[in-house]
Amino acid sequence: SPWRAILLPIQMAESGERKFGRGDRRGGRGGRRGARGGKEEGGWVPTTKLGRLVKDGKVKFLENIYLHSLSIKEPQIVDFFIPSLKDEVMSIMPVQKQTRAGQRTRFKAFVVIGDQDGHVGLGVKCSKEVATAIRGAINNAKLTLIPVRRGYWGNKLGKPHTVPAKVNGKAGSVRVRLIPAPRGSGIVAAPAAKKLLSFAGIEDVYTRTRGATATLGNFAKATFHAISKTYGYLTPDLWKEYVLQPTVYQDNALYLAAKEEKKEEY
């Protein structure tokens, strides 16, 4: 990626003796926040119940989490299930805030991640340093990772290749409509939307947009919103009655209680 060459000298500068952020002025606040969860000497140390269940092998598939709409609050959970996630920086833009001392400039990063097989995420992060903004946007994208439902145009031959129905998304003044397309059509979309759709694993789709699509942030969010609606349509193949299974918390209630007791003993 061309961004890697740009960020390498910035990362080298950050690793030097200079300190950035609010840690110097506000009593080391930055260092304290970094110590919560994340990676330590022994690897990933989960800080949530879901994280502990995932690390201990009690949750077998990521779809078990999506089935009950459980909140993912640790990016390492996504890394555990999908280690082959790809990420790409869509845009880095400076934003300014007027203060009494003058203008304060920060950098806003938009990052898209996906496995090109039914999972995609969009992350946004603003920071004083470009490298910090990109790292934060990647983590944010992992927390917002969603499953993508794919379908067919016409006969159900081969693997699903397009969106199952017409879906709409909006953000600000931007409106995006995804329309199923026949096999071989490709992704007929602008570069920003095309990147999101290809990371989601959609091969053929038509798009229709309206509004200020030059605003890349709103355009990407509207496309992501439309993709997230693919599981919102109840098509005839989903009319069967399914017995809702208990959540991973209910299945492992005794296990979590035993862990809490052990923690209190320490």
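The values are calculated or read from the model by the stated rules, or taken from the named source; none is laboratory data. From a predicted model like this one, the values you see are computed outputs, not experimental measurements. Every residue, glycine among them, receives a Cβ derived from its backbone with ideal geometry; neighbour counts consider all protein chains shown. Heavy atoms of the whole protein, side chains included, go into the accessibility calculation; ligands, DNA and RNA do not. Shrake-Rupley method; radii C 1.70, N 1.55, O 1.52, S 1.80 Å.
Considering the range 217-266 alone, what residues qualify as being loosely packed, with under 13 Cβ neighbours inside 10 Å and under 19 Å from residue 200 (Cβ atoms)?
The answer is 232, 235.
Here are the criteria: (1) surrounded by 12 or more Cβ atoms within 10 Å (Cβ to Cβ); (2) among the acidic types (Asp, Glu); (3) at pLDDT below 95. Tell me which single one residue 204 does not satisfy.
Only one criterion in (1) surrounded by 12 or more Cβ atoms within 10 Å (Cβ to Cβ); (2) among the acidic types (Asp, Glu); (3) at pLDDT below 95 is unmet by residue 204, namely (3).
Can you report the number of residues in the range 231-266 which are within 20 Å of residue 68 (Cβ to Cβ), free of Cβ contacts under 8 Å to residues at least 60 places away in the same chain and not acidic (Asp, Glu)?
11
Restricting attention to the range 48-97, which residues are open to solvent by less than 50 Å² (accessible area, probe 1.4 Å), within 13 Å of the chain's Cα centre (by Cα) and closer than 30 Å to residue 252 by Cβ?
Answer for the range 48-97, where residues must be open to solvent by less than 50 Å² (accessible area, probe 1.4 Å), within 13 Å of the chain's Cα centre (by Cα) and closer than 30 Å to residue 252 by Cβ: 72, 74, 75, 76, 77, 78, 82, 85.
Looking only at the range 43-97, count every residue that is under 12 Å from residue 145 (Cβ atoms) and among the β-branched types (Val, Ile, Thr) and tell me the total.
5
Taking the condition under 30 Å from residue 177 (Cα atoms), surrounded by 16 or more Cβ atoms within 10 Å (Cβ to Cβ) and touching an Asp or Glu at 6+ places or on another chain (Cβ under 6 Å), does residue 211 pass?
no
Regarding the range 158-180, can at least one residue be identified that is out of contact with any Ser or Thr (no Cβ under 6 Å at 6 or more places or on another chain) and closer than 30 Å to residue 56 by Cβ?
Among the residues of the range 158-180, not one is out of contact with any Ser or Thr (no Cβ under 6 Å at 6 or more places or on another chain) and closer than 30 Å to residue 56 by Cβ, which makes the answer no.
Somewhere in the range 177-188, is a residue under 22 Å from the mean Cα position of the chain (by Cα) and either surrounded by fewer than 17 Cβ atoms within 10 Å (Cβ to Cβ) or farther than 30 Å from residue 68 by Cα (or both)?
Checked against the condition, which is being under 22 Å from the mean Cα position of the chain (by Cα) and either surrounded by fewer than 17 Cβ atoms within 10 Å (Cβ to Cβ) or farther than 30 Å from residue 68 by Cα (or both), the range 177-188 yields at least one hit.
Yes or no, residue by residue, for (1) open to solvent by 70 Å² or more (accessible area, probe 1.4 Å); (2) more than 17 Å from the chain's Cα centre (by Cα); (3) not β-branched (Val, Ile, Thr):
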position	(1), (2), (3)
99	no, yes, no
102	no, yes, yes
108	no, no, yes
111	no, no, no
122	no, no, yes
128	yes, yes, yes
147	no, no, yes
152	no, yes, yes
159	yes, yes, yes
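Quick one: would you say residue 123 is free of Cβ contacts under 8 Å to residues at least 24 places away in the same chain and under 25 Å from residue 214 (Cβ atoms)?
yes
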